[in-house]
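Below is one structure; the comments refer to it alone.
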Amino acid sequence: MANAFTELNDPRDQRERLEDQARIRAEGDDEAMIVDNDFLYALEVGMPPTAGLGIGIDRLVMLLTGATTIRDVLFFPQMRPEKKQKGSTDDEYKALEYY
């Protein structure tokens with residue numbers, strides 16, 4: 001239903017991880033992290049545990065209404081299957097159901 005996360009709150013473990021990243025960065029990987037001493041200090045003096053939950057309105061409405069697919073709660077009509085038009089074959093209609 002949603003993306004959830006928690007942060008690593010152990011300052012010793014976090015320092016080791018950041019130092020490993022700094023070594024990797026020194027070897028040439030520009031995407032590796034540097035040691036963030038301010039962050040580590042905040043962990044050491046008692047930064048509260050942090051966590052998050054990302055739930056979208058569409059998924060919340062699904063939960064509250066008991067909808068089985070997200071298409072049932074989306075407002076955008078282009079996300080819903082089109083009605084069968086006169087003269088179209090069943091194969092053409094089935095193809096539209098997926099788009």
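The values are calculated or read from the model by the stated rules, or taken from the named source; none is laboratory data. Fair warning: this is a prediction, and the values are worked out from it, not measured in the lab. Backbone-built Cβ (ideal geometry, glycine too); neighbour counts: all protein chains shown. Side chains are part of the model used for accessible areas, which takes the heavy atoms of the whole protein and leaves out ligands, DNA and RNA. Shrake-Rupley method; radii C 1.70, N 1.55, O 1.52, S 1.80 Å.
Residues in region 30-50 that are out of contact with any Lys or Arg (no Cβ under 8 Å at 6 or more places or on another chain) and open to solvent by less than 70 Å² (accessible area, probe 1.4 Å): Asp36, Phe39, Ala42, Leu43, Gly46, Met47, Thr50.
With respect to the stated conditions, Leu18 fails to be in contact with a helix residue (DSSP H, G or I) (Cβ under 6 Å, 6 or more places away or on another chain), open to solvent by less than 100 Å² (accessible area, probe 1.4 Å) and of a type outside the set (Val, Ile, Thr).
Regarding region 63-82, can at least one residue be identified that is open to solvent by 70 Å² or more (accessible area, probe 1.4 Å), charged (D, E, K, R), at pLDDT below 85 and in a loop (DSSP other than H, G, I, E, B)? There is at least one residue in region 63-82 that is open to solvent by 70 Å² or more (accessible area, probe 1.4 Å), charged (D, E, K, R), at pLDDT below 85 and in a loop (DSSP other than H, G, I, E, B).
Collect the residues in region 51-61 that are surrounded by 12 or more Cβ atoms within 10 Å (Cβ to Cβ) and under 21 Å from Phe5 (Cβ atoms), keeping them in residue-number order. Working first, answer last.
Start the filter on region 51-61 by keeping residues that are surrounded by 12 or more Cβ atoms within 10 Å (Cβ to Cβ), which leaves 55-56, 58-61.
Passing the criteria: Ile55, Gly56, Asp58, Arg59, Leu60.
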